[in-house]
Amino acid sequence: MQNHQSLYHRLEAALLACAPDDKIRLAEALLCDWRAGKLNRQDAPLYSLPDPGRPVRPLLVSPRQVPRRRLDTREGHAAMLHAIAHIEFNAINLALDAAWRFREMPDEFAGDWLRVAAEEAGHFALLQGRLGALGFGYGDFEAHDGLWRACMMTDHDALARMALVPRVLEARGLDATPAIQHKLAGIGDRDSIAVLDIILRDEVGHVAIGNHWFHVLCRERNLDPVATFRQQLAEHDIGSHRGCYNLAARREAGFSEAELAWLQTPPDSLAH
């Protein structure tokens, strides 16, 4: 008879792990064991956890205090990759938290976010490798904690989490990646461009997972998805995205034409 472990005890261990290599290992093992049927979700009431574990470095500062560096310097090149690595490290925790927190959701939801966590762990490992090739490591530059604040802002409701984390924060990553790759091409960093190709491919899938569960929850609550998305943005004081949209990636991730049209409408037009 197979000995089943509690999914939530394992999730707690992964969330609280401080060393990046430990978090990667635990996130990847969680997905393997979930798919092997070794974990269960029974009799596990939600309880509070401290903030997720992270290494002592990087130093966390406000976004405005993160120094801007020229990309044509070694430090500036590494700082850009470090910023992306920091996003991916936080994304591991965001995905683990979704599986840990929203226990009323079905097994398919938990499985989806365990997959996302494992893939984010892989992304972080790839970026660690690129930093190492430049002579740097994770923690060598300042970073900010905006992603985790968004997690806490939506800890009360799975619909809010799906609306604001995958459909806003991760979707903005889809928009930003081509421009970052263009900058990296300008300094001849083909290896990092290849890493970002992998990340972009996977992130389309992550945003698609968020879109899927957002629409599932809207149907269950008899809510209009477009109107609900607008309401969530307004309630949490999240403004319009500035810059270009990666429309092809957003379509692949499940954004409707109505949503894309609304997102591209200038803010002044929305007021009339």
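Observations on the model:
- Neighbours by Cβ (under 9 Å, 6+ apart or cross-chain): first from segment 247-261, closer than 14 Å to Pro225 by Cβ; second open to solvent by 60 Å² or more (accessible area, probe 1.4 Å) and not hydroxyl-bearing (Ser, Thr, Tyr): Gly254/His212; Glu257/Arg251; Leu260/Arg251
- Within segment 32-47, the set of residues being in contact with a helix residue (DSSP H, G or I) (Cβ under 6 Å, 6 or more places away or on another chain) and either farther than 17 Å from Val116 by Cα or open to solvent by less than 40 Å² (accessible area, probe 1.4 Å) (or both) comprises Leu39, Arg41, Ala44.
- Taking (1) in contact (Cβ under 8 Å) with a residue 24 or more places away in the chain; (2) open to solvent by less than 60 Å² (accessible area, probe 1.4 Å); (3) in contact with a helix residue (DSSP H, G or I) (Cβ under 7 Å, 6 or more places away or on another chain) in turn, Leu169 satisfies each apart from (1).
- Per the conditions (1) within 23 Å of Leu127 (Cα to Cα); (2) buried (at least 18 other Cβ atoms within 10 Å of the Cβ), the sole criterion not satisfied by Ala29 is (2).
- Checking each residue in segment 20-60 for being aliphatic (A, V, I, L, M) and more than 18 Å from Gly137 (Cα to Cα) picks out Leu26, Ala27, Ala29, Leu30, Leu31, Ala36, Leu39, Ala44, Leu46, Leu49.
- Note on segment 1-57: residues that are part of a loop (DSSP other than H, G, I, E, B), in contact with an Asp or Glu (Cβ under 8 Å, 6 or more places away or on another chain) and closer than 17 Å to Ala95 by Cα amount to 3.
- Yes/no for Ala95 being modelled with pLDDT under 95 and either of a type outside the set (S, T, N, Q) or surrounded by 15 or more Cβ atoms within 10 Å (Cβ to Cβ) (or both): no
- Scan of segment 91-138 for residues that are part of a loop (DSSP other than H, G, I, E, B) and more than 26 Å from Pro45 (Cβ to Cβ), ordered by number: Leu134, Gly135, Phe136, Gly137, Tyr138
- Leading residue by the ranking (farthest from Arg221 (Cα to Cα)) among those in segment 146-159 that are modelled with pLDDT under 95 and in contact with a helix residue (DSSP H, G or I) (Cβ under 8 Å, 6 or more places away or on another chain): Gly146
- Flag if His206 is over 18 Å from the mean Cα position of the chain (by Cα), under 19 Å from Arg251 (Cβ atoms) and at pLDDT 95 or above: no
- Against the numbered list (1) under 16 Å from the mean Cα position of the chain (by Cα); (2) in contact (Cβ under 8 Å) with a residue 12 or more places away in the chain; (3) open to solvent by 40 Å² or more (accessible area, probe 1.4 Å), Met152 comes up short only at (2).
The values are calculated or read from the model by the stated rules, or taken from the named source; none is laboratory data. Predicted, not measured: the structure shown is a model, and the values here were computed from it. Backbone-built Cβ (ideal geometry, glycine too); neighbour counts: all protein chains shown. Side chains are part of the model used for accessible areas, which takes the heavy atoms of the whole protein and leaves out ligands, DNA and RNA. Shrake-Rupley method; radii C 1.70, N 1.55, O 1.52, S 1.80 Å.
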